[in-house]
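Taking it in order: structure first as structure tokens, then the write-up.
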């Protein structure tokens, strides 16, 4: 049994009256494909997960009696004898922003019907994402082997530093890794013509996920690395 | 339906460039070792600007209907409440530790 909805429903009324009519009229409340709405709902729940991680990080940092390790120095790099604070993190930030830019281009190309270009941009986005994860692996290795940072303590100060760091960046890195796999899967399906005749909303939906991963990094960068 | 197809590529390039500039600014905050309230307010300013542009332009929320905007922005208000509660809790834990652990 299927639920009948008004196929000719319009979504033109602006403002609060529009919200009322979207919800009250005999039509679907959100004017978008169901997959896109589901992605938004998922991202909303993910917002809560990351918010709770960052809030718990705030709580342990406020309540720590030992000095909090200086992130600027912990993540510094020596290149050709020059001491550069936070350099790797800055590069990772720029890479993720660039990948967001290429993803926006992919969505734009998909809606203009340029399948080939869309696939190219999606694959490019995935490559940027993979290089981000690679740098994160390098960063983790350096922190664990050279600086002796552990989830239960470290030689630099407050023990909570390690657990917060591994939890937050680990979960974000997991999202990037999952995103890379998801993007490559979408690119493959688009290029083999799976979505021909169905529309290319999938590219926009995958794009929403990818931009969200970038968005989360903006907050992690500000609160964990810069604060 | 969101009218994503109608946006020219130029706006994405502009926002992309803007995000680069804003990220550079926030990196500069650390590079020049600004401290105290100046540091925190600048970090938050650049963070909210970047987040706002990503949500509004890259994620197309600017062109979505108000029903979706409410769906997205009303629930996170609960997070603000949590942050306020946990900040108070953290302060309390800190003062208790100082009181009893003799540090």
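The values are calculated or read from the model by the stated rules, or taken from the named source; none is laboratory data. Model, not experiment: these values are computed from the prediction. Positions of Cβ are generated from backbone atoms using ideal geometry, with glycine treated the same way; all protein chains shown enter the neighbour counts.
Key figures for this structure:
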{"quantity": "Residue within the range B:75-96 that is at pLDDT 95 or above, part of a loop (DSSP other than H, G, I, E, B) and either over 28 Å from residue A:65 (Cα atoms) or within 7 Å of chain A (Cβ to nearest Cβ) (or both) present", "calculated": "yes"}
{"quantity": "When residues of the range A:19-55 are limited to those that are over 30 Å from the mean Cα position of the chain (by Cα) and surrounded by 16 or more Cβ atoms within 10 Å (Cβ to Cβ), the one modelled with the highest pLDDT", "calculated": "A:21"}
{"quantity": "Selected residue [in contact (Cβ under 8 Å) with a residue 24 or more places away in the chain, surrounded by 15 or more Cβ atoms within 10 Å (Cβ to Cβ), away from chain B (no Cβ under 14 Å) and under 20 Å from the mean Cα position of the chain (by Cα)] from A:104, A:126, A:118", "calculated": "A:126"}
{"quantity": "Meets criteria (within 8 Å of another protein chain (Cβ to nearest Cβ) and at pLDDT 95 or above) for residue A:65", "calculated": "no"}
{"quantity": "Condition broken by residue A:82, with the remaining ones in (1) touching a strand residue (DSSP E or B) at 6+ places or on another chain (Cβ under 9 Å); (2) within 14 Å of chain B (Cβ to nearest Cβ); (3) surrounded by fewer than 15 Cβ atoms within 10 Å (Cβ to Cβ) satisfied", "calculated": "(1)"}
{"quantity": "Any chance residue A:182 is assigned to a helix (DSSP H, G or I) and within 14 Å of another protein chain (Cβ to nearest Cβ)", "calculated": "no"}
{"quantity": "Only one of B:46, B:25, B:73 that is over 26 Å from residue A:112 (Cβ atoms), surrounded by 18 or more Cβ atoms within 10 Å (Cβ to Cβ) and out of contact with any strand residue (DSSP E or B) (no Cβ under 7 Å at 6 or more places or on another chain)", "calculated": "B:46"}
{"quantity": "Which numbered condition residue A:203 misses (of (1) surrounded by fewer than 22 Cβ atoms within 10 Å (Cβ to Cβ); (2) within 14 Å of chain B (Cβ to nearest Cβ))", "calculated": "(1)"}
{"quantity": "Qualifying helices (runs of 4 or more DSSP H) (wholly inside the range A:1-87; at least 1 residues being touching a helix residue (DSSP H, G or I) at 6+ places or on another chain (Cβ under 6 Å), without any contact (Cβ under 8 Å) to a residue 60 or more places away in the chain and within 20 Å of residue B:76 (Cβ to Cβ))", "calculated": "A:15-24, A:34-63"}
{"quantity": "Residue B:12 surrounded by 18 or more Cβ atoms within 10 Å (Cβ to Cβ) and farther than 30 Å from residue A:70 by Cβ", "calculated": "yes"}
